[in-house]
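Note sheet for the following structure.
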Amino acid sequence: MAFSMILLVTAAGPRAYVNLCPHYTMPLDAGTGLFLSADGDIQCRQHFALFAPADGRCFAGACPGASLDAIPLQVDGRGNIHIAD
Ligand code: FES
């Protein structure tokens, strides 16, 4: 099954999330390719819920307390980012 994901570099390291909002299981970007609010948080373009980049938890909007589906990452010795096994 194909899915799209968001990859962010945060102060806590790289983070990746499935591009689906837990509110209505719809693409966060609504096809726009835009994921971030003006403040640098992840923002759903459907109903504008806000998610913390570091852990994907919704802190404002339609689904407080819900979380994005995180994709585990590894950074190798060269600094390349991989999806963890
Ligand atoms: S579908 Fe994302 S806030 Fe409603």
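Side notes on the structure shown:
- Total formal charge among the other residues, if their Cβ is under 15 angstrom from that of Cys21, Lys/Arg +1 and Asp/Glu -1: -1
- Across region 23-34, coupling constants 3J(HN,Hα) worked out from phi with the 6.51/-1.76/1.60 Karplus curve, θ = phi - 60°, read 5, 10, 6, 10, x, 4, 8, 6, x, 8, x, 9 Hz, and Gly and Pro carry x.
- Under a 5 Å amide H cut-off, with hydrogens placed 1.01 Å from N, Ala60 pairs with Leu50 among residues at least 5 apart or on other chains.
- Packing-based exposure ordering (other Cβ within 10 Å, fewest first) of Thr10, Thr25: Thr25, Thr10
- On a per residue basis, the convex hull of the C-alpha atoms belonging to the chain measures out at 105 Å³.
- Protection proxy ranking of 77-83, 44-50 - average other beta-carbon atoms within 10 Å, highest first: 44-50, 77-83
- The residues Val18, Val75, when put in order of fewest to most other Cβ atoms within 10 Å, stand as Val75, Val18.
Every number here is computed from the coordinates shown, using simple stated rules; none is lab data. Every value quoted in this text rests on a predicted model; they were computed, and no experiment measured them. Neighbour counts are summed over all protein chains in view; Cβ atoms, including those assigned to glycine, are modelled from backbone coordinates with ideal geometry.
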